[in-house]
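Notes to accompany the following structure.
The values are calculated or read from the model by the stated rules, or taken from the named source; none is laboratory data. Source: prediction; values computed, not measured. Reconstructed Cβ throughout: ideal geometry from the backbone, glycine too, with neighbour counts over all protein chains shown.
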Amino acid sequence: MSNAASAAPVAKKQKISQFRRLLWHMNRTDLGWVTKTALTSLQLGARAKRIELLKTLPVKPEWSAASRQLSEQGYVDVTSIVDRSLAEAVATVAQNKVDRLDELAGKQVLGHKSFWVSLLDEDLVDGAFATDHPFVRYALQPAALRIIGDFMHELPQLSDVLLTLSRPTENQPLSYSQLWHLDHDDKRVCKLFIYLTDVRDTADGPLTFIPAPASKPFRNTLKSHMSDDKVFSRVGRSEVKEMVAPRLSSFIVNTARCLHMGSRILSDRTRLLYTATYIQPPRIYPEPPARFRAVGSLNEIERTAMRL
Ligand SMILES: O=C(O)CCC(=O)C(=O)O
């Protein structure tokens, strides 16, 4: 084969990857709504079904108020709303993992965030959680689906559940989620958190965020992770909310709209956090491999929320 013939596929490949990179950057800005709208218009039937399923979930005045606050401010404390016994079940699983920390840290698969230890790897089969796992049951409770669903105007998709143990990183530069950022998993992203340890003050590394209205100036920023100086040159420090709260506190944050950071743990402290991530489908990026595997009976809402 001549050199010219072998150069052509390489040039084509480069063009495709340049196009993908451009699309990726575009999707992180408000232009990403063009992608979202185009993809949604191809799946109107599925959307109509998710709207109908949302309507079948129970309604309570305090859930509606929570959803309004989520829409307007980008966050809501749901500690008094969510099912405490489901939160306790999450905490029991989590405590068992922490008791076996040394054993599990040695087996850790995802190692890029030195301040985070992923403790759930052993619960996955081919990367998927059983749907009867307490972490999945907490995320699927009707209150969470209704509050987030009313904000997204349809039944949300549960994208992932996560347990993270954050440890001190003193004397190391801040990195990843310790820096201010927005989540770009999709155009609408909500995270449901539970603190599984007391977060008493700044030294415990609270989740810290700027509510959606004050985070607006950063919405189309291409830079993904920002220092305090950069952020506070554009927004007042008085806008910052630090989630200092006791163990089993639970809150929802629209992390695509609220600039946030956390895990800045000091001295001998550690912080244990449960996170469930929801997006509004269809996903703007290709669907990753299945994260959930059906175990036991599931209703249609649960199946649809997990794409099963
Ligand atoms: O560790 C933290 O508190 C930050 C978590 C975070 O940035 C996220 O879940 O997107």
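When you check ASP30 against the structure, is it surrounded by fewer than 18 Cβ atoms within 10 Å (Cβ to Cβ), touching a residue at least 60 places away in the same chain (Cβ under 8 Å), within 24 Å of the chain's Cα centre (by Cα) and over 30 Å from ASP121 (Cβ atoms), yes or no? Give the steps one after another, and end with the answer.
Numbers: surrounded by fewer than 18 Cβ atoms within 10 Å (Cβ to Cβ): yes; touching a residue at least 60 places away in the same chain (Cβ under 8 Å): yes; within 24 Å of the chain's Cα centre (by Cα): yes; over 30 Å from ASP121 (Cβ atoms): yes.
Taking the combined requirement at face value, the residue satisfies it.
Of the helices (runs of 4 or more DSSP H) lying entirely inside the stretch 1-103, those carrying at least 2 residues that are touching a strand residue (DSSP E or B) at 6+ places or on another chain (Cβ under 9 Å) and at pLDDT 95 or above are 61-73, 84-99. For the stretch 185-211, residues that are in contact with a helix residue (DSSP H, G or I) (Cβ under 7 Å, 6 or more places away or on another chain) and over 15 Å from ARG234 (Cβ atoms) total 6.
Residues in the stretch 185-199: is at least one among the polar types (S, T, N, Q), modelled with pLDDT under 95 and more than 23 Å from MET226 (Cβ to Cβ)?
Of all residues in the stretch 185-199, those among the polar types (S, T, N, Q) come to 197.
Next, only the ones that are modelled with pLDDT under 95 stay: none.
For the stretch 185-199, residues among the polar types (S, T, N, Q), modelled with pLDDT under 95 and more than 23 Å from MET226 (Cβ to Cβ): absent.
Restricting the stretch 242-258 to residues that are free of Cβ contacts under 8 Å to residues at least 60 places away in the same chain and outside any strand (DSSP E or B), which is farthest from the ligand (Cβ to nearest atom)? Quick ask: steps written out before the conclusion?
Of all residues in the stretch 242-258, those free of Cβ contacts under 8 Å to residues at least 60 places away in the same chain come to 242-244, 246.
From the residues that got through so far, the ones that are outside any strand (DSSP E or B) too are 243-244, 246.
On the way: MET243: 8, VAL244: 12, PRO246: 16 Å.
Taking the candidates together, the pick is PRO246.
For the stretch 287-308, check the following and say yes or no: at least one residue is outside any loop (DSSP other than H, G, I, E, B) and within 16 Å of the ligand (Cβ to nearest atom).
Residues of the stretch 287-308 outside any loop (DSSP other than H, G, I, E, B): 292-293, 300-305.
Imposing the further condition that a residue be within 16 Å of the ligand (Cβ to nearest atom) reduces the set to none.
No.
Here VAL161 does not fit the description of being within 22 Å of ARG303 (Cα to Cα), part of a helix (DSSP H, G or I) and under 17 Å from the mean Cα position of the chain (by Cα).
All conditions in (1) in contact with an Asp or Glu (Cβ under 8 Å, 6 or more places away or on another chain); (2) crowded, with 19+ Cβ neighbours inside 10 Å hold for ILE252, with the sole exception of (1). Tallying residues that are over 30 Å from LEU23 (Cβ atoms) and assigned to a loop (DSSP other than H, G, I, E, B) within the stretch 216-232 yields 0. Pairs are defined by a Cβ separation below 7 Å, a sequence spacing of at least 6 or placement on different chains, a first member in the stretch 259-271 that is in contact (Cβ under 8 Å) with a residue 24 or more places away in the chain and in a strand (DSSP E or B), and a second member that is among the aliphatic types (A, V, I, L, M) and within 13 Å of the ligand (Cβ to nearest atom); the pairs so defined are LEU259/LEU182; LEU259/ILE210; HIS260/LEU207; HIS260/VAL253; MET261/LEU179; ARG271/VAL199; ARG271/ILE265. Considering only residues in the stretch 259-284 that are exposed (fewer than 14 other Cβ atoms within 10 Å of the Cβ) and away from the ligand (no atom under 16 Å from the Cβ), the one that is modelled with the lowest pLDDT turns out to be SER267. Each residue in the stretch 120-141 was checked for being out of contact with any strand residue (DSSP E or B) (no Cβ under 9 Å at 6 or more places or on another chain), under 12 Å from LEU86 (Cα atoms) and in a helix (DSSP H, G or I), and 2 of them qualify. Considering only residues in the stretch 200-214 that are in contact with a Lys or Arg (Cβ under 6 Å, 6 or more places away or on another chain) and not in a loop (DSSP other than H, G, I, E, B), the one that is nearest to ARG146 (Cα to Cα) turns out to be ALA212.
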